[in-house]
Amino acid sequence: MARPPTARAKALSAFTQILVTSGERAATLDAVAKAAGISKGGLLYHFGSKEELNEGLVAHLRELIRADIERMNTDPEGAVAYLLRTSAAFESDFENVYIAVAALAQSGDTQAAEVLQEADDAWFKSVATEVKDDAVARAVVLLSDGIYAHAAVQRGPTGHDVDELQELIKQLLATRKQQEQ
């Protein structure tokens, strides 16, 4: 039988949900403790301040990014296919934590902004390694961002044809190679 989540995990999960649904201003220590079903003292045991709670969420996203990049780099279809295919996915913890950290970044949290930049840089690097063209790699990452933004508004799949998008990317790469010759 699986062990129940720890107070720390409950607090991070509650903090994530409050940030996603109500924004950074609503994510007070009292609100997080209540939503997590733990005492404020229990919350403060794990996170001594709101800043430590922010840091904990940023560290959690950093772990999720590392795992995502590992899956991306080992995907049998390649980094481009993985990034495009998963950009509209909302089934995992990753998406909500990413949105929550984006809310922190928008409120001025520099560590949150830094981890989001790290994610973007890592996705770009993986795609650039595959396509061997920085401009096309940036276009793929921006295309992924657009798919994600569209899916975030719809909170689910967008109907984008990933195979069709991959074919467009292949055509773009071929055209750029021809122009270089």
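Readers should treat all values here as calculations from the given coordinates under stated rules, not as data from a laboratory. A quick note: this is a predicted structure, and the numbers were derived from the prediction, not measured. Cβ sites come from the backbone with ideal geometry, for glycine too, and all protein chains shown count toward neighbours.
Output the 0 to 90 degree angle, nearest 10, between the alpha-carbon long axis of helix 134-154 and the longest principal axis computed from the alpha carbons of the chain.
Here the helix axis deviates by roughly 50 degrees.
Could you please tell me the mean projected area of the C-alpha convex hull for the range 3-68, averaged over all directions and given in square nanometres to one decimal? Before the final figure, lay out each step's value.
Values: hull surface 18.5 nm².
Reported value for the Cα convex hull: 4.6 nm².
Report the FRET efficiency, 1/(1 + (r/R0)^6), for LYS50 and SER92, where r is their Cβ-Cβ distance and R0 is 22 Å, rounded to 0.05. Please report the intermediate quantities before stating the final value.
On the way: r = 26 Å, r/R0 = 1.17.
After rounding, the FRET efficiency stands at 0.30.
Given just the C-alpha atoms of the range 68-150, how large is their convex hull per residue in cubic angstrom?
On the way: hull volume 7.5 nm³, N = 83.
Cα convex hull per residue, to the nearest whole number: 91 Å³.
Keeping to pairs on different chains or 8 or more places apart, tell me how many lysine pairs in the chain have Cα atoms under 14 Å apart. Provide the component values of the computation, followed by the final result.
Working: LYS10/LYS34; LYS10/LYS40; LYS40/LYS50; LYS132/LYS170; LYS132/LYS177.
Number of lysine pairs found: 5.
Put a dot 7 Å past each Cα toward the Cβ at ALA174 and ASN73; how far apart are the dots in nm?
For the pair ASN73/ALA174, the computed spacing is 3.0 nm.
Of ASN96, ALA174, GLY146, which is farthest along the charge dipole of the range 76-180 in the positive direction, counting Lys and Arg as +1 and Asp and Glu as -1 at C-beta?
ALA174
What net charge do the residues around LEU168 carry, taking every other residue with its C-beta under 13 Å from that of LEU168, with Lys and Arg at +1 and Asp and Glu at -1? Don't jump to the answer; show the numbers that get you there.
Working: positive: LYS170, ARG176; negative: ASP161, ASP163, GLU164, GLU167.
For residues surrounding LEU168, the net value is -2.
List the relative contact order of the range 76-180 as a percent without decimals, with contacts defined as Cα pairs under 8 Å and 6+ residues apart. Intermediate results must be reported in sequence, preceding the final value.
Working: 76 pairs, mean separation 37.8, N = 105.
Result for the range 76-180 is 36 percent.
Going by Cα centres, the range 21-39 and the range 41-103 are how many Å apart?
19
Compute the distance in nm between two label points, each set 7 Å from the Cα along the Cα-to-Cβ direction, one at ALA9 and one at ASP161.
Placing both labels 7 Å along Cα→Cβ, they lie 4.2 nm apart.
Arrange HIS60, HIS46, HIS150 by Cβ neighbour counts within 10 Å, fewest through most, would you? List each step's numbers first, then the result.
Details: HIS60 22, HIS46 18, HIS150 15.
Ascending Cβ contact count within 10 Å gives the list HIS150, HIS46, HIS60.
Report, in degrees rounded to the nearest 10, the 0 to 90 angle that the Cα long axis of helix 162-180 makes with the longest principal axis of the chain.
The two axes meet at around 50 degrees.
For helix 50-74, report the angle its Cα long axis makes with the longest principal axis of the Cα atoms of the chain; keep it between 0 and 90° and round to the nearest 10°.
The angle comes out at about 30 degrees.
Treating only the Cβ atoms of Lys and Arg (+1) and Asp and Glu (-1) as charged, compute the dipole magnitude of the chain about its Cα centre; round to the nearest 20 debye.
Values: 18 positive and 27 negative charges, 122 e Å.
Dipole of the chain, to the nearest 20 debye: 580 debye.
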